[in-house]
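The values are calculated or read from the model by the stated rules, or taken from the named source; none is laboratory data. Note that the structure is predicted; figures quoted are calculated from it, not measured. In this analysis, Cβ positions are derived from the backbone assuming ideal geometry, glycine residues included, and neighbour counts consider all displayed protein chains.
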Amino acid sequence: MGMNTWGPEDEAKIHMVYPARDAERSTHAIFDYPKGDPRNYSPEEGLSLVREHQLAPIGLFDSGVGGLTILSALRQELPAEHYIFFGDTAHCPYGTRSETNIIELSLQASQFLIDQRVKLIVVACNTASQVALNTLRATFPVPIVGIVPAVKPAARATKRGRIGIAATNRTVETAYLQHLVDEYASDIEVYTIGCPELVALVERGELTGPKVEEELRHSLQPLLAKDVDVIVLGCTHFPALRPSIERVVGKRAQIIDSGAAIARRTHSVLDTEGLVHPSYPDRGTVQIWCSGDVSTFEYVANKVLGYAVTANQVTQ
């Protein structure tokens, strides 16, 4: 486990790999128009099609259960929406894989969601967002929202001018993270550390207890030793550990994650596209899928979400 400090010598590593905007996506239509051009429809037929699109679900995928923390944030922001979540637990974690493999797995996960006729995809995985987002947006015809490490709010929040970012090994190595640091935190000290062992904790459903806190102290100590006063949770698995992290860190540092910001961004994109689900009193439905062992996934998902869910297995 090593720690990185961004410096001027790292600038040469950036090669314009910034994830594209949500609007930059394939121009192929995801929804069928049997009459061809939508203008061929009567107002009543057009309204019916719009309603069909609005009622379509939002899709999310992650390498494992971590993306369920984003699902929770989305359900708070957009309770009427229907959701389909896919956890690629057979290939978890993504953060230790090659970029080529991450892109391939992200394409497969997104295609599964497209086959369910989702209206928008949230890439609920920091690693996949930073490695595969451009490819996904060029391939699929729906808006795709990625996860951005909360560097900007962390830079605003720090009082000592020192922030830490805990993420997967792959995330801390990406040029996109360096771009965020250069853009929003160039005048402060930023320390990054890869914590794959924390992903493993969450995937086993170990979220609280003395052993968990011992592992957290060991993992986060290099950041705390740098006297940071803000720690960014740069992996969607880590917010599942947030209560334990806050107990370990205490008042030494503020903990920040991206969940609420991603939910607001998703709401904004849906609103711009005219795809927000009509508001009904009832909450929307949730479908949970995984590629690995279903019983293990259900056990951990119930812990992360705080309520019982039933998972379905995607056949490979």
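Here are the numbers:
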quantity	calculated
Qualifying position, being among the basic types (Lys, Arg), modelled with pLDDT of 90 or more and in the same structural domain as Thr135 (by TED's automatic domain parsing), among Arg51, Arg75	Arg75
Boolean, Ser268 is of a type outside the set (A, V, I, L, M), outside any helix (DSSP H, G or I) and assigned by TED's automatic domain parsing to the domain that holds Pro79	no
Test result for Asp282, among the acidic types (Asp, Glu), loosely packed, with under 15 Cβ neighbours inside 10 Å, not assigned by TED's automatic domain parsing to the domain that holds Arg217 and not in a helix (DSSP H, G or I)	yes
Residue that is outside the structural domain of Ser63 (by TED's automatic domain parsing), of a type in the set (D, E, K, R) and within 18 Å of the chain's Cα centre (by Cα), where the choices are Glu215, Glu173	Glu173
Hits in segment 238-257 (condition: in contact with a strand residue (DSSP E or B) (Cβ under 8 Å, 6 or more places away or on another chain), touching a residue at least 60 places away in the same chain (Cβ under 8 Å) and not aromatic (Phe, Trp, Tyr))	Pro239, Ala253, Gln254, Ile256, Asp257
Only one of Val309, Val304, Val232 that is within 24 Å of Gly64 (Cα to Cα), in contact with a helix residue (DSSP H, G or I) (Cβ under 6 Å, 6 or more places away or on another chain), part of a strand (DSSP E or B) and aliphatic (A, V, I, L, M)	Val232
Yes/no for Gln287 being more than 19 Å from Ile147 (Cα to Cα) and surrounded by 14 or more Cβ atoms within 10 Å (Cβ to Cβ)	yes
Residue match in segment 56-70 (condition: buried (at least 24 other Cβ atoms within 10 Å of the Cβ), among the small types (Gly, Ala, Ser), over 11 Å from the mean Cα position of the chain (by Cα) and modelled with pLDDT of 95 or more)	yes
All strands (runs of 3 or more DSSP E) inside segment 120-214 with 1 or more residues being closer than 28 Å to Ile58 by Cβ	120-123, 144-146, 162-167
